[in-house]
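Every number in this text was worked out from the coordinates using simple rules, so none of it is lab data. In this text the structure is predicted, and so the values were computed from the model without any measurement. For neighbour counting, all protein chains shown are included, and Cβ atoms are generated from backbone atoms with ideal geometry for every residue, glycine included.
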Amino acid sequence: MSNRINRDHNRRLLVAKYELKRMHYKAICQDRTLPDQIREIFFLKLSKLPRNSSKTRVRNRCIFTGRPRSVYKLFRISRLVFRELASKGSLIGINKACW
């Protein structure tokens, strides 16, 4: 389980590292005013970047359990852990609704 969390963390680091390069290469590849040879060169450079440096490879996972589904982005924890922590009072400013 911690392996999945570590893998996701490493992917996030790679995305941050290569974000500017990837954006630069993509902008050049998509620019129709440039000659095709230059665009092909930058397309090859883009394909040489690590696969895990793409944003689409990052998966939101719970930082406690590694659960990939129903994760709140703001807290980066799953709904199950969120409910447990909220009922214990561990989350500041969050309490169960009562009316």
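Any idea what the relative contact order of region 1-59 is, in percent, if you count C-alpha pairs under 8 Å spaced at least 6 apart?
Reported relative contact order: 46 percent.
Can you tell which of S87, S53, S78 shows the greatest fluctuation in a Gaussian network model of the chain with Cα springs below 10 Å?
With Cα springs under 10 Å in the chain, the top fluctuation among S87, S53, S78 is at S87.
Please report, in debye to the nearest 20, how large the charge dipole of the chain is about its Cα centre when each Lys and Arg carries +1 at its beta carbon and each Asp and Glu carries -1 there.
340
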